[in-house]
Amino acid sequence: MPVEPSYRFRIPKDWISGVYVGKLTQQLKGIQSYVIFIVRDDRKADLIFQCSDTTWQAYNRWPNQFSLYDDGKSVWYWARVWM
């Protein structure tokens, strides 16, 4: 049985082609999450960009330590820690 979406967003016609980040906030508890989406149009361009969403999301450990390809036990290098 199909599930109705909780929110729909229509992309305005004046948005340019690109990769966008949306921040979602649940109204009741204020829980937040991000969604990455791509807007594309049919204009000719001098440059093309390929965004492999499914690939980088499979290796993505945000917002926790787990990704599709590991168990979250090994520590990945995130940034230099200053003490």
Karplus-derived HN-Hα couplings along segment 41-54 (A = 6.51, B = -1.76, C = 1.60, θ = phi - 60°), whole Hz, x at Gly and Pro | 9, 9, 5, 6, 9, 7, 9, 10, 10, 9, 10, 8, 3, 5
Over every pair of different alpha-carbon atoms in segment 5-55, take the mean of 1/r and invert it; report that Kirkwood radius in Å.
-> 13.5
Give me the lysines in straight-line cross-link reach of LYS13: C-alpha distance below 30 Å, same-chain residues under 8 apart excluded.
-> LYS23, LYS44
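Each reported figure results from applying straightforward, stated rules to the coordinates on display, with no laboratory input. The model shown is predicted, which means the values in this text are computed figures rather than measured ones.
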